[in-house]
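The values are calculated or read from the model by the stated rules, or taken from the named source; none is laboratory data. Being a predicted model, the structure only gives us computed values, none of them experimental. Using ideal geometry, Cβ is built from the backbone for each residue, glycine included, and neighbour counts are taken over all protein chains shown. Please note that ligands, DNA and RNA were not included when accessible areas were found on the heavy atoms of the full protein model with its side chains. Shrake-Rupley method; radii C 1.70, N 1.55, O 1.52, S 1.80 Å.
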Amino acid sequence: MKVQLFVPPGGYFAERWSKGSSMPPLGILSIAAVLEKEGVEVEVLPADVLKLNWRTIRQEIKRAKPDLIGVTSTTENRFQSFKLIKLAKKARPEAFTILGGPHASLAAEDCLSHIPELDIVARGEGEMTTLELCRALEKKKDLAAAASVAGISLRLEGKVISTPPRSPIQDLDSLPFPAFHLVPFEKYNFTIDVPGQGKLPAVNIMTSRGCPFNCNFCATPINWGRTVRVRSPLNVIQEIELLVQKYGARVIFFYDDTFNVSARRVEEICDLILERKLNIFWRCEARLDLLTKPLLAKMKEAGLFHLSFGLEAGSERVRNEIIGKKINIEDFHNLVRWCGELEIIPNAFFIFSHPTETWEEAKETIKIIEQCKDEVEVTVAILHVYPGTPLEKTAQELGVLPSGFTWAKKYHSKIITLPAAQGDVPLFLDKLTWAEISELVFRWSLSGGQFSILRKIPRILKNIRSLGDIKRYAIMAFIYLKLKTKRLHRPSGARNDG
Ligand code: B12
Ligand code: SF4
C-alpha cells in the first residue's frame, strides 16, 4: 500500500495563518509516523508550505500512484479539502479517497452524502484507523473490505454506513512522535515574539487529548472525548528535546485544549525542563480556575511567558448556564493579578453573541475587556457554529441553520457568514442585532484590540456574495465611523462605560 496525505492549499494555513504562524500539521504527521513505523509507504504533502496548486497536486498524485489518498479537514478549510478529494479521484480513480480531521469527523455522513468522489471518512483519531484500513485494503482492494474497520463511515452500494466508534488510544506514549522529517520543516515560518528576546523559532506540540468540560460551541469534547488522555512528562520532554536539537526550536507552543488538566503533570514537565536545562520559552492554553499561584510561579521558572485562557463572556448567566464554562470571575481576576506579579502575558478569549445573550449582558463582556485591557491581551470572536457541537443543535432549533442545511454546499442564502473573517462558517446570531455586534467588536478594537477593517477591505470586497453581505458590511462601516468620530470628539480622560 502506498499512502499520500495532504493538507489542502489555501484556507487553513495558507491564508489567515501564513504570516509567521504556519505550523506543521500534527494530525497527519502522527498518522504518517504510525504508518512508517509499521512499514507502510507514506508521503505527506502540505500543499500550503509546498505552495502546490491544483495542477501540481494532480501531477504529484499521478507521479506517486498512491493506493490511498487522505486529506485533512477543518470546517473552515472544508471546501479546499473537498476540492482536493474530487481532484484526487479524477487524477487516480483506482485509489481510495479518505477525509479526516475535525470537520469530517463531526459531519461524516453529510460529507459522504454530498461528495460522490469521497470513499471513506475517518471519525476521530486517525492513526490506527488508517493503519487498519491499509491492512484491510491490501488484502482485498475492495471498499467492502474496509467495513471491518472501526471508526469510519463509508458508502456501500449507494448507502452511507458508519462502523462502530473506535476506542480512544489510552496510552498516548505508545504513539511515535509526529513524522516531522516527512515535511520540509525549514519552510514553516512559525516564530513567536518573546519579550526581551525578539522573534524566536517556534514549534507546536500536543501532549494530551480530550477535555473534561463541555462548552456548548466546542468540538473537542465530542471529537476527542471528555476523558482526558495524557502523555507522560518524560515522553513530552523527549519530543521537546528532539524539537530543540534537531529542528532548532526555541519556543514551544503547547496546543493542548487544557494543558493544566493535571497540575501534577504540569509540575513534573516543569521539573524536567529545569533539570535538563532545556532553556526554552513556552506558552500554553489553560483552564484558568485550575491554576494556583505557586504552580504558575513554577511554570514561569521553567520558561512560561504567555498564558491563554477562555472567559468567553462577562455575564455569569451566559458564561456558566448557557456556555457551560463554569468559571468564576474572581478566578479570572486572581489569575490576571498573578500573571502581572510573575511577568507572564495573560491572553483572554471572549466571544460575542451567545444564545439568549442580551445587549446588557454583552456589555458586561466589553466592560471587563475595557477594564483589563492594559494588563491583558484580549482576543475576541463572534460566535460561529461548528458541526457536532451542542450549539449546532441550538442553531437548528432556532433556525440559524435552516432545515435542509448541509455543510457540503458553499453558499446558502439563509446562512450568515463573514467570509473575509472566519471562512464559510455560519455565524450564530440570536438576540443581538448586527449593529450591536459590530459595536462590540469595534469597541474592543478601538480600545487596543487587533482588528483593522481597513486592512480587510480587499478581502471583504472579494467575498461579497449577496445584498445581505453588502448590508452587513455597510452597517459595520457605519458603526465603525460613528465610534471613531465619537472617540475623536471625546474630552481627554472621559471614560467609555456605556
Ligand atoms: C493547533 C490548532 C490550530 C492552529 C493550526 C496549526 C496546525 N498546523 O495544526 C491554528 C492556530 C492555525 C488554528 C486556527 C484555527 N482553529 Co484550531 N485548533 C488547533 C488545535 C488546538 C490543535 C490541532 C492539533 O494539532 N491537533 C492534534 C492532532 C493530533 O489532531 P488532529 O489534527 O485532529 O488529527 C487527528 C484526527 O483529526 C485525525 N485526522 C486529521 N486529519 C486527518 C486526515 C486523514 C486522512 C485521516 C484518516 C485522519 C485525520 O487523525 C489525527 C490523529 O489522530 C485544535 C484542537 C484539537 N484538540 O485538536 C483546534 C481546532 C482544530 N481549531 C478549531 C478552530 C475553530 C480554529 C479557528 C477557527 C480558530 C479561530 N477562531 O480563528 C482557526 C481556523 C483555522 C482553519 N482555517 O481551519 C477547531 C476546529 C473545529 C472544526 N470543526 O473545524 C478545533 C478542533 C478547536 C475546537 N475545540 O473547537 N488552530
Ligand atoms: S472550550 Fe476549552 S474548556 Fe471548553 S470544552 Fe472546549 S477545550 Fe474544553
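Given the criteria within 16 Å of ligand 1 (Cβ to nearest atom) and under 25 Å from H103 (Cβ atoms), does N235 qualify?
So N235 fails the test.
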> Are any residues in segment 267-313 assigned to a loop (DSSP other than H, G, I, E, B) and among the basic types (K, R), and if so, which ones?
Replying inline: R276, K277, R287
>> Let me confirm something: among R209, R166, which residue is open to solvent by less than 40 Å² (accessible area, probe 1.4 Å), closer than 26 Å to T258 by Cβ and of a type in the set (K, R)?
In response: R209
>> So, in segment 309-319, how many residues would count as being within 12 Å of ligand 2 (Cβ to nearest atom) and farther than 14 Å from L383 by Cα?
In response: 1
>> Out of everything in segment 144-153 that is assigned to a helix (DSSP H, G or I) and in contact with a helix residue (DSSP H, G or I) (Cβ under 8 Å, 6 or more places away or on another chain), what residue ends up being least open to solvent (accessible area, probe 1.4 Å)?
In response: A146
> Is at least one residue of segment 44-63 closer than 26 Å to L391 by Cβ, among the aliphatic types (A, V, I, L, M) and open to solvent by less than 10 Å² (accessible area, probe 1.4 Å)?
Replying inline: no
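Taking A150 as the residue in question, decide whether it is under 26 Å from Y386 (Cα atoms) and either free of Cβ contacts under 8 Å to residues at least 60 places away in the same chain or of a type outside the set (G, A, S) (or both). Break it down into steps so the answer makes sense when it comes.
Numbers: under 26 Å from Y386 (Cα atoms): yes; either free of Cβ contacts under 8 Å to residues at least 60 places away in the same chain or of a type outside the set (G, A, S) (or both): yes.
So A150 passes the test.
Here's the yes/no breakdown for (1) modelled with pLDDT under 95; (2) of a type in the set (S, T, N, Q); (3) touching a Gly at 6+ places or on another chain (Cβ under 6 Å):
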| position | (1), (2), (3) |
| --- | --- |
| K140 | yes, no, no |
| G158 | yes, no, no |
| I161 | no, no, no |
| I169 | no, no, no |
| V183 | no, no, no |
| Q197 | no, yes, no |
| F217 | no, no, no |
| N223 | yes, yes, no |
| N235 | no, yes, no |
> Right, P294: more than 15 Å from ligand 2 (Cβ to nearest atom), under 22 Å from the mean Cα position of the chain (by Cα) and farther than 21 Å from P390 by Cβ or not?
Replying inline: no
> Just wondering, is there one or more residues in segment 320-343 that are modelled with pLDDT of 95 or more, open to solvent by less than 10 Å² (accessible area, probe 1.4 Å), within 15 Å of ligand 2 (Cβ to nearest atom) and not hydrophobic (A, V, I, L, M, F, W, C)?
Replying inline: no
> Just a yes or no: is a residue in segment 345-358 surrounded by fewer than 17 Cβ atoms within 10 Å (Cβ to Cβ) and either away from ligand 1 (no atom under 16 Å from the Cβ) or in a loop (DSSP other than H, G, I, E, B) (or both)?
Replying inline: yes
>> Among (1) among the charged types (D, E, K, R); (2) in a helix (DSSP H, G or I); (3) within 16 Å of ligand 1 (Cβ to nearest atom); (4) under 25 Å from L383 (Cβ atoms), there is one condition D256 misses while meeting the rest; what is its number?
In response: (2)
> Any chance segment 212-220 includes a residue that's open to solvent by less than 50 Å² (accessible area, probe 1.4 Å), closer than 20 Å to Q4 by Cα, in a loop (DSSP other than H, G, I, E, B) and touching an Asp or Glu at 6+ places or on another chain (Cβ under 8 Å)?
Replying inline: no
>> Quick check on my filter: what residues within segment 211-244 are of a type outside the set (A, V, I, L, M, F, W, C), within 9 Å of ligand 2 (Cβ to nearest atom) and in contact (Cβ under 8 Å) with a residue 40 or more places away in the chain?
In response: P212, N214, N216
>> Residue pairs, Cβ under 8 Å, 6 or more apart or interchain, first in segment 77-97 and away from ligand 1 (no atom under 13 Å from the Cβ), second among the aromatic types (F, W, Y) and open to solvent by 20 Å² or more (accessible area, probe 1.4 Å). List them.
In response: K83/W54; L87/W54
> Of all residues in segment 245-254, how many are touching a strand residue (DSSP E or B) at 6+ places or on another chain (Cβ under 9 Å), surrounded by fewer than 19 Cβ atoms within 10 Å (Cβ to Cβ) and free of Cβ contacts under 8 Å to residues at least 60 places away in the same chain?
Replying inline: 1
>> Looking at the structure I just gave you, is V71 surrounded by fewer than 24 Cβ atoms within 10 Å (Cβ to Cβ) and not aromatic (F, W, Y)?
In response: no
> Across segment 268-317, which residue is most open to solvent (accessible area, probe 1.4 Å) among those that are more than 16 Å from ligand 1 (Cβ to nearest atom) and of a type in the set (G, A, S)?
Replying inline: A297
